[in-house]
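The values are calculated or read from the model by the stated rules, or taken from the named source; none is laboratory data. All figures in this text were calculated on a predicted structure; none of them were measured in a lab. For neighbour counting, all protein chains shown are included, and Cβ atoms are generated from backbone atoms with ideal geometry for every residue, glycine included. These area figures cover heavy atoms from the full protein model, side chains too; ligands, DNA and RNA do not enter into them. Shrake-Rupley method; radii C 1.70, N 1.55, O 1.52, S 1.80 Å.
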Amino acid sequence: MPTLEHPEYPEATLLHLESIMPCRESQMSTLLSVFGERQQYSFPSIFIYGHTSSGKTYVLQTLLKTLELPHVFVNCVECSTSRLLLEKILSQLQSLSSKTKSASHISCDTLNQFVCLFKQETMAEELQNETIYIVLDKAEQLREMEANVLPAFLRLQELADRNVTVILVTEIVWELFRPNTGCFEPFTLYFPDYSIGHLQKILSHDHPPEYSADFYAAYINILLGVFYTVCRDLKELRHLAALNFSKYCEPVVKGEANERDTRRLWKNIESHLKKAMQTVYLREVSSSQWERLQQDDGEPGQVKGLSAHTHVELPYYSKFLLIAAYLASYNPSRSDKRFFLKHHGKMKKTTFLKKHEKTSNHLLGPKPFPLDRLLAILYSIVDKRVAPTGNIFSQISSLVTLQLLTLVGHDDQLDGPRYKCTVSLDFIRAIARTVNFDIIKYLYDFL
């Protein structure tokens, strides 16, 4: 007997839904109850939220497709304006009607026009007797649009006088959506994170046919024991499981161990899982490169080219700004005269000795510096004359946004903003190489 029950749909269909969407029976049961029967009016708007990779979009899409419910699915990230969003909904709605063989482009500028066009499109016979579902994924983007877009979608059923349900799918809570002026309150449904038991059950479904289910389940148990504390993203865990399984099977393939020799299998894969743990989410190397490294017993750092940490595409002057910021953070201000003036004179012996008596600036960490010092160093290290235009200042703001620089204190303080450079030595050396700048010659610690 299936856990899901609904008089409208056959038992075999409900059993199939349970098999392809494990550990989400409670959410599916709630959605089926809210949807009701095909011809019944459903709730005007449903708000589904939960963390990433909790199955929100997958469950909803699978449910609507398997039950063959008329629906429109739009990812709001693809729609930068409300006009694009409204036109995309109408375009997909037009394709739902069997009478319209070739859908023509529909122009829609306002919500009032959208409601009128929506009424026309839903006049088709096959859409009149069923609930139409409009799914808006990444719905947090609606907050960036006009103030009337979200309230209108929440009560579209009332405005259009049609049997329609709008479903908002997002990762943030409803309280961050609710307008100050108030609006129609949707039905909210929360998708909790998968527990370690749920992840074990879901990932074990992916076992290769040439190996037993128990053998693959033991591998997943080892994988989760290593990665669960740092990563609970189902997609990432599935990627890691597929990537490292061949290494886990290696002793079995070579005949050095059997499928039940868990200790030997763990010893074989332990070091490789620790390497993979250092690059969770980063994708520093491709899957084929990673497999090649496993065969050669190499380190991830041996892959040719810069890693994801040390390769960032920046404009030409942004690279020099970052280099100047690094020099300002790790060089004492009294050394600027020595490095950036042609006739600086000799450094006194007493000063030289004091430098060696103190701790390295790289061990102490980056120090804040004023904007004036940053620009002075920039003008010294760039060959061409650079005017202090708005373009330079906007690039400084971009570096702060990218978290390569950190703004220290408030930017409205009277003595000017102060910054810190947050990148590592390896990172800045890689950036300096792209502009043929030898940064080591200009660092106080390497004199």
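So is Phe43 among the hydrophobic types (A, V, I, L, M, F, W, C), under 17 Å from Leu136 (Cβ atoms), assigned by the TED database to the domain that holds Ala139 and open to solvent by 40 Å² or more (accessible area, probe 1.4 Å) or not? Here the answer is yes, as Phe43 does meet what is asked. What do you reckon, is Pro186 open to solvent by less than 80 Å² (accessible area, probe 1.4 Å), under 25 Å from Ser53 (Cα atoms) and over 24 Å from the mean Cα position of the chain (by Cα)? Yes.
When the range 1-17 is filtered for residues that are surrounded by fewer than 17 Cβ atoms within 10 Å (Cβ to Cβ) and assigned to a helix (DSSP H, G or I), the ones remaining, listed by number, are Glu11, Ala12, Thr13, Leu15, His16. Contact annotation: residue pairs with Cβ atoms under 8 Å, 6 or more positions apart or on different chains, pairing a residue in the range 188-210 that is without any contact (Cβ under 8 Å) to a residue 24 or more places away in the chain with a partner that is buried (at least 18 other Cβ atoms within 10 Å of the Cβ), are Ser204/Tyr216; Ser204/Ile220; His207/Phe215; His207/Tyr216. Screening Ile440, Ile431 for residues that are at pLDDT 75 or above, buried (at least 16 other Cβ atoms within 10 Å of the Cβ) and part of a helix (DSSP H, G or I) leaves exactly one candidate, Ile431. Could you tell me whether the range 21-31 includes any residue that is more than 27 Å from Leu176 (Cα to Cα), open to solvent by less than 60 Å² (accessible area, probe 1.4 Å), in a helix (DSSP H, G or I) and touching a residue at least 12 places away in the same chain (Cβ under 8 Å)? Yes, there is a match, as at least one residue in the range 21-31 is more than 27 Å from Leu176 (Cα to Cα), open to solvent by less than 60 Å² (accessible area, probe 1.4 Å), in a helix (DSSP H, G or I) and touching a residue at least 12 places away in the same chain (Cβ under 8 Å). Condition test on Leu150, is it free of Cβ contacts under 8 Å to residues at least 60 places away in the same chain, under 30 Å from Asn221 (Cβ atoms), open to solvent by less than 60 Å² (accessible area, probe 1.4 Å) and part of a helix (DSSP H, G or I)? Taking the combined requirement at face value, the residue does not satisfy it. With respect to the conditions (1) modelled with pLDDT of 85 or more; (2) not in a helix (DSSP H, G or I), Leu322 falls short on a single one, namely (2). Checked against (1) within 34 Å of the chain's Cα centre (by Cα); (2) open to solvent by less than 60 Å² (accessible area, probe 1.4 Å); (3) at pLDDT 80 or above, Ala376 passes all but a single condition, namely (1).
Evaluate the range 263-272: report whether one residue or more is at pLDDT below 60, under 31 Å from the mean Cα position of the chain (by Cα) and among the small types (Gly, Ala, Ser).
no
Just the residues that are touching a Leu at 6+ places or on another chain (Cβ under 7 Å) and modelled with pLDDT of 95 or more, please, taken from the range 167-185. Within the range 167-185, Ile167, Leu168, Val169 meet the criteria. For Glu158, state whether it is assigned to a helix (DSSP H, G or I) and loosely packed, with under 15 Cβ neighbours inside 10 Å. Yes. Residue count for the range 195-242 under the criterion of being open to solvent by 70 Å² or more (accessible area, probe 1.4 Å) and outside any helix (DSSP H, G or I): the result is 6. Checked against (1) part of a helix (DSSP H, G or I); (2) modelled with pLDDT under 85; (3) touching a Phe, Trp or Tyr at 6+ places or on another chain (Cβ under 9 Å), Glu259 passes all but condition (1).
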